[in-house]
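*Asks:* Sharing a structure below in structure tokens format, with a few things to ask.
Just so you know, all these numbers are worked out from the coordinates, no wet-lab data involved. Treat the numbers as computed from the prediction; the structure is a model and nothing was measured. A quick note on method: Cβ atoms are made from the backbone with ideal geometry, for glycine too, and the neighbour counts reach across all protein chains shown.
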Amino acid sequence: MSELVLVSPLAGWSTPLEEVPDPVFAGRMLGDGVAIDPLGSTLHAPCDGEVVLLPETRHAVTLRTARGLEVLMHLGIDTVGLGGEGFEALVVLGQPVRTGDALIRFDLDLLARRARSLLTPILVVGGTGTLARRVQGCPVTVGEVLMEWVPAGAAADRAAARTGAREARSRTVRVALEHGIHARPAAQLAAAIAGLEAEVSLLAAGRQADARSVVALMTLGVRGGGQVEIRAAGPDAPAAIEAIEAVLSAAAPVPASNTPARAATSDPVRAAPAQPEPDPEPLRCGAVLRGVVASRGFAVGRAAVLHVREVAPEEAGGGCEHETRELDRAQARVRAALEQARSGATGPAAEVIEAHLALLADPYLQTQARGWIGRGKSAGYAWRAAIRESVAALRALGDARMAERADDLTDLERQVLLALAGESVPAVAAVPPGSILIARELLPSQLVRLDAERLAGICLAAGGATSHVSILAAAAGIPALVALGPAVGEIVEDTALILDAEVGELHVDPGEPRVEAARARMMRNAERRARERQAAQRECRMADGTRIEVLANLGSLADAEAAMRNGAEGCGLLRTEFLFLERRHAPSETEQRDEYQRIARALAGKPLTIRTLDIGGDKPIDYLPLPREENPALGLRGVRTSLWREDLLDEQLRAVLAVEPAGQCRILLPMITDVAELRAVRARLLEASRQVGRTAPIELGVMIETPASALIAAVLAREAEFFSIGTNDLTQYTLAMDRGHPQLAARLDGLHPAVLTLIARTAEAAHAQGRGVAVCGGLAADPAAAPILIGLGVRELSCAPAAIPGVKALIGELTLEQCERWARQALEQESAAAVRALSGVAAGKTGEPESAGACAPARG
Ligand code: PEP
Ligand code: MG
């Protein structure tokens, strides 16, 4: 695509887009360009092209050039509401036009009276490139050059020419950062090229950002797994590209719905401590507010309400020099306070402070703020305008994580405004020890400055579970609920509260008996956990002597060691992905064999179930370039990927076959949907055995985690030596709900009767062929589910190491007869909630289902 020169379509005053009183235009969400304050009343064509958009209201027009670029002109702001009054189209849709042709005639007086603003954005929409030149801050006449657009490559070439480099360089890379380019990685990128002499930009989805601007990088909206092009020019261009690539690709890889990392967060067992003791009586008095769990735990305390003072800056400034000085001073104060806080901070708190320091120095924010001062605004007004423009752009990306990063900018806005007002940089009033902090929202800097030791919990009306505040709370071990809604604002200082951040409830003023009961519950939970851990080394049997094996799900050698400490009777699922992620090449056969061998040794001869690589789809790895998929959860993953890359499968099989003693390991295949897949792997297994000279047989089992495999379990059971039911995926695929979907999280329940029916069918088929059936999904350690699974015929439960003592203790108090009765009843229920109400009794270990009230235990 070549360069495009646009001439002014109007006579008037050309101004920067930031001045348009509409965040869509000011934030360049539609495209880049300038705005013209018109003096004439005819809009002309700024270039040759074809009219491709001309709404009936005739308040805007879009031309498309022969090279496919689009130029949008929007007469005034909020003019669509005029319904065409005052506008006359001089062209029709589809008409070719030449530069300077009259397009729309408009009634300037009418617009001046009725439109929110006369400012008319002239934007280049789409195309990968940048505005190399724009005329603004001065009068323009029709036909004079207004802007020059250059394609991305040419932009870098120009930069190269400016910086004296012989050539501009570029490289396209995949972003391996889990959450894309958000604040922290953006800050790392800027830092990585800090000392280099090069102009560096990142391009994605047709947009370009200066790699030294954290804010501009964030507004690119690049997500984990996405692609970006790095362009650099100047003497240090090669080094800059290397440095940027190192940050983008050497970071923690992108986990996906089926990665161990994500599985861990959606695994109820890992998310919640096993079977917290049910309350002796439900907390019914007082209001109960429900929110989203941001940091798990349980707390009892009194409300400490956070009052935030708003600062409203004057609009008009006292002169450019004065306001610039004021802004510099205020920023210096904030910087000093942040640096001081950084010296005492560690972990996520230190990272938040680093991110704020980087944002404070951001060149884009600084240019924007100083631009506003140049237009006569006060330092405070200018800083706020600069921040809010970027906040609007981040929120407009429609990415919850990026929108949460906007909190950091708002935080910084407030810190600088307070410094300008001569107040100390935000300090939260010291809260009494044991307080539960109540606020509409909490900014990261406020939490960082709080004494975490004094906080028993945090409750916010707004916020998201992945915001910095939530991460900080979890890191500090403070139970926290967010998104509790405006009712939180009615809680008064010193109110007694019970914060149940296991189930997402806040009990307001529950009355002294319940507060006492909750305190006692905390004590008992702690004591019970200690007891269960002591008893966990014993073999697991039900109260009637029925043997149930409780094994561990592992993702590393460290997990294996923890599992043994917690009384695991072996490993029911080794997620081998841990060996393949976070690296540039697949692990060699020897490396795999050594690692499996170490884990086998750590298990001291107990069974080790090794699952073949469950990767692919939305869990990409660099050395395994998979085709891009519209619907990765339904694409190449699990055994499908292994059969597509048989070389990797063969290596893995040989590595497992080499582990000694020969009988300790068995092999498990993920995402099976038909028997042909099992046969194909078995053929390769036989060949691998021949290659390594092994004659001892090895068990080959399948995961039942698709509805298809559950429905053909009878066929599979003829050839698979064991089944392991992956309830995480089985639930996702049966209910057609993404296992990581935040809005559907509460409905994604494996106790749905549809899922239970598939489990029952699987267990029946397994027993008919004398095959063992295990559950290794999150349901295995759910105290409401485990009794029902046992009742359905499951005899092995495999769960996170930390959950094992609780699961064993629960099983020890049940009888098979009880569990089978509950299972039969569960299959007849009409919803997961009804099953939970029923099975709560099992978790409570008392009474009969028919006679008990709802008492569903905690569930992650
Ligand atoms: C499952 O799907 O339940 C399972 C155990 O596998 P993963 O969580 O690793 O996808
Ligand atoms: Mg799975």
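*Asks:* Would you give the gap between the C-alpha center of region 494-521 and the C-alpha center of region 59-119, rounded to a whole Å?
*Replies:* 61 Å
*Asks:* Can I ask one more? Select from region 4-82 those trypsin sites (Lys or Arg not before Pro) which occupy a DSSP coil region and have at most 16 other Cβ atoms within 10 Å, ordered by residue number.
*Replies:* ARG67
*Asks:* Using modelled amide H (1.01 Å from N, peptide plane; none on Pro or chain starts), what sits under 5 Å from the amide H of GLN95, excluding residues fewer than 5 places away?
*Replies:* Result for GLN95 returns VAL51.
*Asks:* Simple spin-label model, 7 Å along Cα-to-Cβ: ALA421 to LEU827 in nm?
*Replies:* 6.6 nm
*Asks:* According to the square roots a ≥ b ≥ c of the eigenvalues of the Cα gyration tensor, what is the shape class of region 81-144, taking rounded for a/c under 1.5, prolate for a/b larger than b/c otherwise, and oblate for the remainder? Intermediate results must be reported in sequence, preceding the final value.
*Replies:* Working: a/c = 1.77, a/b = 1.29, b/c = 1.37.
Here region 81-144 falls in the oblate category.
*Asks:* Check which residues have an amide H placed less than 5 Å from LEU573's amide H, if you skip close sequence neighbours.
*Replies:* Here ALA552, LEU554, THR609 satisfy the definition.
*Asks:* Follow-up. For the residue pair GLU561 and VAL675, what label-to-label distance in nm results when each label sits 7 Å from Cα along the Cα-to-beta-carbon direction?
*Replies:* 4.5 nm
*Asks:* For the ranges 661-670, 386-395, 534-543, what's the packing order if you count other beta-carbon atoms within 10 Å of each residue, average per peptide, and put the highest first? Kindly include the intermediate steps, with their values, before the conclusion.
*Replies:* Numbers: 661-670: 20.0, 386-395: 22.2, 534-543: 14.6.
Per-residue Cβ counts within 10 Å, averaged per peptide and sorted highest first, yield 386-395, 661-670, 534-543.
*Asks:* Something else about it: Kindly identify region 596-746 as rounded, prolate or oblate by the Cα gyration tensor criterion: order the square roots of the eigenvalues as a ≥ b ≥ c, call it rounded if a/c is under 1.5, otherwise compare a/b with b/c, prolate if a/b is larger, else oblate.
*Replies:* It is prolate, given that a/c is not under 1.5 and a/b is the larger ratio.
*Asks:* Mind running the shape call on region 505-638? Use the C-alpha gyration tensor, a ≥ b ≥ c as the square roots of the eigenvalues: rounded below 1.5 for a/c, prolate if a/b tops b/c, oblate otherwise. Mind dumping the intermediate values first?
*Replies:* On the way: a/c = 2.77, a/b = 1.54, b/c = 1.80.
Note, shape of region 505-638 comes out oblate.
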